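Coordinate-derived values only; no laboratory data. Keep in mind that this is a model prediction, so the values were computed, not measured. Don't worry about glycine lacking a Cβ; one is built from the backbone with ideal geometry, like all the others, and counts go over all protein chains shown.
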Amino acid sequence: MNNTADSNYPYGKWKITHDYQYYENHIGQFSESGKYIDDFINIFDKTGRYEISYEDNPVNPENIYVHRRPTAEIAITRSGNNITLTSNSYDLDSYSQGNRGISEEQWEYKKETDTTWTSGKLTTITGTDDYIVQLRVKDYQNTWSNPVSIYITNSANALPVASFSLQNDTITLYEDLEIIDSSYDPAG
């Protein structure tokens, strides 16, 4: 409902109170928090809990929770044909909880030429086969990350893989751009 202002509610009938500290590493407070507004917003661009009312009465749903998707990151250590894969994944919204905010990991791998994935972690690489390893992680809000993949090979001719991502999904003019360098050498 838009254009809700009237003589009883001159600024509008919607009221949204934003608890921006509900999750860790918040990104600030909604500028209209605790104020009456004319039109309901359609984008919740700040993390936290939003309590919503109309004409000072709760609506259904009364609370909306906005958090970020967790980030999956793979670290690889290689000794000859032995592979050690480690998750450096994290969730900024619950980072201090166990395992940096990650409640579950899903590892898969396959030979480059295979059509199906094998569940679990790759531990050895043999012969001339090239492998793709994939990781997804789930946070304590039951949200899965986007999958991240790495390429592993025995080929001496393999070139390094440049891989970069941004720390935050949303960046404003006033924030520093934080780039995560996840580049690696497929040959170890």
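Placing +1 on the Cβ of every Lys and Arg and -1 on the Cβ of every Asp and Glu, with nothing else charged, gives the chain a dipole about its Cα centre of roughly 520 debye. Where Lys and Arg each count +1 and Asp and Glu each count -1, what net charge lies around Pro61 among other residues with Cβ under 14 Å from its Cβ? That works out to -1. Residue farthest toward the positive end of the dipole of the chain, with Cβ of Lys/Arg at +1 and Asp/Glu at -1: which of Phe40, Asn3, Trp107? In the chain, that residue is Trp107. Kirkwood analysis of the Cα pair distances in segment 18-61 returns a hydrodynamic radius of 11.4 Å. Loop-resident GluC sites (Glu not before Pro) (DSSP state other than H, G, I, E or B) in segment 50-143 with no more than 15 further Cβ atoms inside 10 Å of their Cβ: Glu55, Glu112.
When the chain is described by a simple charge dipole with +1 on each Lys and Arg Cβ and -1 on each Asp and Glu Cβ, the residue from Pro186, Pro58, Leu122 located farthest towards its positive end is Leu122. The convex hull defined by the C-alpha atoms of segment 68-165 has an orientation-averaged projected area of 6.9 nm². Normalised Debye scattering of the chain at q = 0.08, 0.09 Å⁻¹ gives log10 I(q)/I(0) of -0.41, -0.49, counting only Cα atoms as equal scatterers and leaving out solvent.
Lysine pair count for the chain (Cα-Cα distance under 27 Å; residues 8 or more apart in sequence or on different chains): 11.
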